[in-house]
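Only one structure is covered here, and it is reproduced in the block below.
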Amino acid sequence: MADKWTPVELLRHARHDWLNQVQLIKANLSMNRPERVKEIIEASREEARLSNLKMPKFAEFLLLFNWNNNALRIKYSVESEQADLSEKDDILFHAASYIAEAIVPHLSGFDEPVLTISLDPEAMQTEFIFHGGLSGHDALSDKVKSYFLAHKSLKVIETYTKEKEFYTCISF
């Protein structure tokens, strides 16, 4: 969210992405790969679930992150069709952006770095799962732990780091 998009830029990017999705659907149908078409449709449903959480900052962060040509890619999943998490918007936006920013300096290796953020509104939990090469994973773990200790409205349920994986589950 560092760069603010004009409405025309947003629409241009959205239209471009949508046309790419249509092309992928057409190509996969012509190659008789309906499972890939189902994956594309499910990604659209995931966007709808995210948008139905009433968390504009958090949703904007997740929807636009990959448009900024970052070294890190973000994927997300939402475990509920609809929920009102408007009171949690700021805290989850800041937590997600902090973790993404904290991971980037530790990226290493040739693996595609992907941070998956899974949100379960009913359990009031969010998982941050990173796969890819990491250097200094202990320093990253300490940095993230200290962030969550400073934010009393978030509770760390579990966290660990390995050479190619970082995991944190929080309740909010």
Starting from 0.36 nm per residue, how many nanometres of slack lie between Val104 and Gln125 once their C-alpha separation is accounted for? 5.2 nm
Counting only residues 5 or more apart in sequence or on a different chain, those whose built amide H sits under 5 Å from that of Ser77 are Ile117, Ser118, Leu119
Helical segments meeting 15 Å axial Cα length and Kyte-Doolittle 0.0 threshold in the chain (DSSP H): 89-103
Rg and Dmax of the chain, using alpha carbons, in Å: what are they? 17.0, 53
Value of relative contact order over segment 44-107, rounded to a whole percent, pairs C-alpha under 8 Å and six or more apart: 42
Specify which residue in the list Ala59, Val78, Met124 is farthest towards the positive end of the charge dipole of the chain, using unit charges on the beta carbon of Lys, Arg (+1) and Asp, Glu (-1), about the Cα centre. Ala59
Just to confirm my numbers, what's the Cα centroid distance between segment 36-104 and segment 125-158 in Å? 18
Taking amide H positions as placed in the peptide plane 1.01 Å from N, state which residues far from Gly133 in sequence (5 or more) or on other chains have amide H under 5 Å from it. Ser108, Asp111
Extension length gain for Ala14 and Arg45 (0.36 nm per residue less Cα distance), in nm, is 9.6 nm
Simple label model, 7 Å out from Cα along Cβ direction - Lys155 to Ser118, nm: 2.0
Fraction of antiparallel bridges per DSSP, segment 60-129 only, in percent to nearest 5: 45
Got a number for carbon plus sulfur as a percent of the chain's accessible area, 1.4 Å probe? 54
Relative contact order for segment 19-172 using alpha-carbon pairs under 8 Å, separation at least 6, rounded to a whole percent? 17
Please go through segment 66-172 and write out the trypsin sites (Lys or Arg not before Pro) that DSSP classes as loop and that have at most 16 other C-beta atoms within 10 Å. Lys152, Lys162, Lys164
Show me the GluC sites (Glu not before Pro) within segment 70-123 that DSSP assigns to loop and that have at most 12 other Cβ atoms within 10 Å of their Cβ. Glu81, Glu122
Could you identify which residue out of Ile99, Ile117, Ile41 has the top mean-square fluctuation in a GNM of the chain using Cα springs shorter than 10 Å? Ile41
Per residue value of the accessible surface for segment 1-100 (all protein chains in place, 1.4 Å probe), Å²: 63
Quote the charge dipole size of the chain about the Cα centre in Debye, to the nearest 20; the model charges only the Cβ of Lys and Arg (+1) and of Asp and Glu (-1). 360
Chymotrypsin sites (Phe, Trp or Tyr not before Pro) lying in DSSP loop within segment 1-97, provided at most 11 other Cβ fall within 10 Å: none
My understanding is that a pair violates if its Cα-Cα distance is over 28 Å; which of Lys4/Lys145; Lys54/Lys75; Lys4/Lys155 do that in this structure? Lys4/Lys145; Lys4/Lys155
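The values are calculated or read from the model by the stated rules, or taken from the named source; none is laboratory data. This is a predicted model, so every value here is computed, not measured. In this analysis, Cβ positions are derived from the backbone assuming ideal geometry, glycine residues included, and neighbour counts consider all displayed protein chains. Remember, those area values only see protein heavy atoms, side chains included, never the ligands or the DNA or RNA. Shrake-Rupley method; radii C 1.70, N 1.55, O 1.52, S 1.80 Å.
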